[in-house]
């Protein structure tokens, strides 16, 4: 498995795309956390995460994604996950995410409750 590589592309109007490649494991968790913290501290509100090249997703990285969602929510933004494998989608559902729509994938938050996070998945 490949170590995590992170590529950030800034977009207009406070948005960014984070492309991830490799393993999201305990060793890469801090790099992922720093990336989200840096983007949100810079004023980025909306973060789209391209998950098409993720090989593995650890529970610590799920926690980092949840924290990033809460921070974005506090700035009236959102963290969206795109191109999840069916396995990763299933893992996220097991920890309390739901899939109300099939055409997109988005984590929307209310900071006080884990079950208020929403995951929708694209079968593309």
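Quick rundown of the values:
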quantity	calculated
Burial order of peptide ranges 40-51, 61-72 (average beta-carbon count within 10 Å, highest first)	61-72, 40-51
Net length gained if the chain between residue 31 and residue 17 were fully extended (0.36 nm per residue, minus Cα distance)	3.5 nm
Potential extension, residue 3-residue 38 segment - 0.36 nm per residue separation minus Cα distance	10.5 nm
Amide N proximity, segment 24-59 versus residue 91 label position 7 Å along Cα-to-Cβ, cut-off under 11 Å	24-26, 54-59
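No value in this document is a laboratory result; all are computed from the given coordinates. Being a predicted model, the structure only gives us computed values, none of them experimental. When we count neighbours, we look across all protein chains shown, and the Cβ atoms used for this are built from the backbone with ideal geometry, even at glycine.
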